[in-house]
Structure formats: structure tokens, C-alpha cells
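Asks: Once you've had a glance at the structure underneath, I'll fire off some questions.
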Amino acid sequence: QGEFECTENTGDNHGRVVVHGYHFRYEDGERFIPFGTTAYAWLHQTEELRRQTIETLGRSPFNKIRMCVFPKSMPYNTNDPDCYPFEKKPDGTWDVFQPDPQFWEKLDQSIEMLMELGIEADLILFHPYDRWGFAELSQEDSLAYLEYCIARLSAYRNLWWSLANEYEMVYAKSIENWEEYGEMILRKDPYGHLRSVHNILDLFPKRRWLTHCSVQSSEIDRIPFWQQEFCLPVLIDECGYEGNLPYSWGSLPAFEMVHRFWQSVCRGGFCTHGETYH
């Protein structure tokens, strides 16, 4: 039992972001124009680097960040985090029914710090770049993990649900698995936060629980066609990364990154930035 006091919103609190046609706005009617950035694994870095990330974001124009719950393993991102979402069973597998309080408190604090900066946390629930076994959780364990996420995190007004980064690459999961996740979030999140699924090749099929398209593509000119096909807002959440890596995806000149933002907005969509300088 307990009590709470409900008051009107004040200051920069405009409530959740919701869909408005092919665009977005806050619950109080204020316009929201997504101007996103990406820091997939910032949650899993040292405390010093996490603090530096928040300080940098505080000086930036970005109002949305794509970030992962699970740690990420790929070139230039090879460290082990200081804690994990779950405790381990005696056989070394993850026990999703034993969340690690240290990890979840860190995630709570991170989302809250972003909220204080006016930044939406586009939270990626699954991804394939994994060497710890999170991408291979059983469907039963995955649903238990999602239920905990929903119960714990839904109260944050700046939360978005991204079911996956490059969902086709999470080979242990079928399209029916993803549909079950989407239906669960639709049913159990009492506040109706935004929901999407990020692709590597083909956009996730239209479903009643999708609120917008989260697209990986450099084909910016297709935004109007995707709008017509899905009747949803289109975010080019991965158009390539500005940087100097020896990979095609991480070597866009700064001018080209700006150009892709400009193209996206002029075609009625939105764009997300990323930097990959080594």
C-alpha cells in the first residue's frame, strides 16, 4: 500500500512521444522532430566513459539515442562489462529470473539522465553481436526478460521499445517469436511507448503493434514509398556512419552524413546519426 500525488507537468516535461500521422509529437501537443544519434554499448563502458557520454550529449543537439540492453561484441567494441542483466545458473547459463540489481539500477540511472537532458532512449532489446549467449535465449526466457523490462522501465516517459537491431541476424529467433514480443509489449506496457523493429535488409512486416518504421538503408529516396506501404512514420535509423573505418558502413564523410539527414527530412522522414572514428 502507499500514496502518490499526481501533478500537472512542468518545465520541459511534455510527456511521452506519440505518433501523429507520419510525424511525432509529445502528449501535450508539442512537436517532436527526431534528431537521433547512436551509442549502442555506452551503458557497458567504464563509469568514466559513461559520464563523458552524458556530458557530450548534454552539449549536443540530439534528442534521441539508440542503445542496447545487452552488451555488444564486434570490431572496436570488445570489452566485457562490469555487470550483466542476470545472474548465472550453476551450469553457466543465464538465469533470467535472477536479475542483477547492479545492472538494472545502472540502466535506470542512464535512462533517467537522458530524460533530464530531454533525450528519448530508443532501447534495443535484442541484437546479434553477442558472445555471451543473450542472442540465444530460449523463447520462454526471452519472454520472462521482456516482462521484467516492461514492468521495470515503462514508467520512464522517454522510453521507446526497439525489439531488435538487425532482427534477421538474430538467427535463433523466428518471425513468430518477434511477433510474440510485439504483442506482449502492446498488451503489457500500460503507457503505450513507441515500438519498432530495426532491419538489415528487409523492413519488418507491417503489424498492428508497430508504431513506426526503424530502417537501415542508404536508399533515402524510398521514404515516401515506405510511408505509403506502412502508413507509419519512417526513421532512417541507420544510413551509414560518419567515420574513418576500413568498412563501407563506417566511412561516410561528414558532408555525406549531413546530406542524408537533409534528404530524409525533405522526403518526409527522419534520420539518426552515428560516428565511427578510430
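Asks: Taking Trp226, is it of a type outside the set (Gly, Ala, Ser), outside any strand (DSSP E or B), within 19 Å of Glu166 (Cβ to Cβ) and open to solvent by less than 20 Å² (accessible area, probe 1.4 Å)? Walk me through it before giving the result.
Replies: Working: of a type outside the set (Gly, Ala, Ser): yes; outside any strand (DSSP E or B): yes; within 19 Å of Glu166 (Cβ to Cβ): yes; open to solvent by less than 20 Å² (accessible area, probe 1.4 Å): yes.
It is true that Trp226 is of a type outside the set (Gly, Ala, Ser), outside any strand (DSSP E or B), within 19 Å of Glu166 (Cβ to Cβ) and open to solvent by less than 20 Å² (accessible area, probe 1.4 Å).
Asks: Does any residue of region 44-52 turn out to be open to solvent by less than 30 Å² (accessible area, probe 1.4 Å) and in a helix (DSSP H, G or I)?
Replies: There is at least one residue in region 44-52 that is open to solvent by less than 30 Å² (accessible area, probe 1.4 Å) and in a helix (DSSP H, G or I).
Asks: For Ala155, only one of the following conditions fails: (1) outside any loop (DSSP other than H, G, I, E, B); (2) among the small types (Gly, Ala, Ser); (3) open to solvent by 10 Å² or more (accessible area, probe 1.4 Å). What is its number?
Replies: That leaves (1) as the condition not met.
Asks: Pick from region 129-148 the residues that are hydrophobic (A, V, I, L, M, F, W, C) and out of contact with any Pro (no Cβ under 9 Å at 6 or more places or on another chain): which of them is least open to solvent (accessible area, probe 1.4 Å)?
Replies: Per the stated criteria, the residue is Leu146.
Asks: As an exercise: evaluate Ser214 against (1) open to solvent by 30 Å² or more (accessible area, probe 1.4 Å); (2) assigned to a strand (DSSP E or B) and give the number of the one condition it does not meet.
Replies: (1)
Asks: Another one. Tell me which of these Pro101 doesn't satisfy, since it passes every other one: (1) over 25 Å from Glu140 (Cα atoms); (2) loosely packed, with under 12 Cβ neighbours inside 10 Å.
Replies: The failed condition is (1).
Asks: Within region 266-278, which residues are touching a residue at least 12 places away in the same chain (Cβ under 8 Å) and open to solvent by 50 Å² or more (accessible area, probe 1.4 Å)?
Replies: Listed by number, the residues that qualify are Arg267, Glu275, Tyr277, His278.
Asks: Can you confirm whether region 190-209 contains a residue that is at negative phi, assigned to a helix (DSSP H, G or I), modelled with pLDDT of 95 or more and of a type in the set (A, V, I, L, M)?
Replies: no
Asks: Which one of Ile200, Ile220 is β-branched (Val, Ile, Thr) and open to solvent by 20 Å² or more (accessible area, probe 1.4 Å)?
Replies: Ile200
Asks: Let me ask another. Could you figure out which of (1) open to solvent by less than 50 Å² (accessible area, probe 1.4 Å); (2) in a helix (DSSP H, G or I) isn't true of Glu176?
Replies: (1)
The values are calculated or read from the model by the stated rules, or taken from the named source; none is laboratory data. If you're wondering where the values come from, they're calculated on a predicted model, not measured in any experiment. Neighbour counts are summed over all protein chains in view; Cβ atoms, including those assigned to glycine, are modelled from backbone coordinates with ideal geometry. All accessible areas refer to the heavy atoms of the entire protein, side chains included, with ligands and DNA or RNA removed. Shrake-Rupley method; radii C 1.70, N 1.55, O 1.52, S 1.80 Å.
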